[in-house]
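Written out below as structure tokens is the structure these notes cover.
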């Protein structure tokens, strides 16, 4: 019995093929750099007592792929490390991203890898 990929995975595969792996990596590096910079800017603004970047904005940048930049910014700037609600949000985003990547990797291995090797 042939295995069929759900339509959403087909759409994702076509999007990655259209964008290209190199462009996807470049986009993720850029997103992480921006996220890292936002943490530094927010820390400087906090110390100066001026207008701040919303926590929701910082978490959204992590959500779209800037998780490494967020963790690096937290560590280097010692920013947003004691606020439990923010930390929980960031950890939840990282966990979700890991689970999604594991799920997609497992699905790819099953649909594209193992069944074709068995036939």
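The values are calculated or read from the model by the stated rules, or taken from the named source; none is laboratory data. Just so we're clear, the structure is a prediction, and the values are computed from it rather than from any experiment. All Cβ positions, even for glycine, are placed from backbone atoms using ideal geometry, and neighbour counts span all protein chains on display.
Filtered by the rule that a residue be part of a helix (DSSP H, G or I) and on the phi > 0 side of the Ramachandran plot, the stretch 22-76 gives a lone residue, 65.
Among the residues making up the stretch 47-62, those that are closer than 19 Å to residue 31 by Cα and surrounded by fewer than 18 Cβ atoms within 10 Å (Cβ to Cβ) are 53, 54, 55, 56, 57, 60. Consider the stretch 11-46. How many of its residues are exposed (fewer than 11 other Cβ atoms within 10 Å of the Cβ) and either closer than 15 Å to residue 76 by Cα or at pLDDT 95 or above (or both)? Residues that pass the stated criteria total 0.
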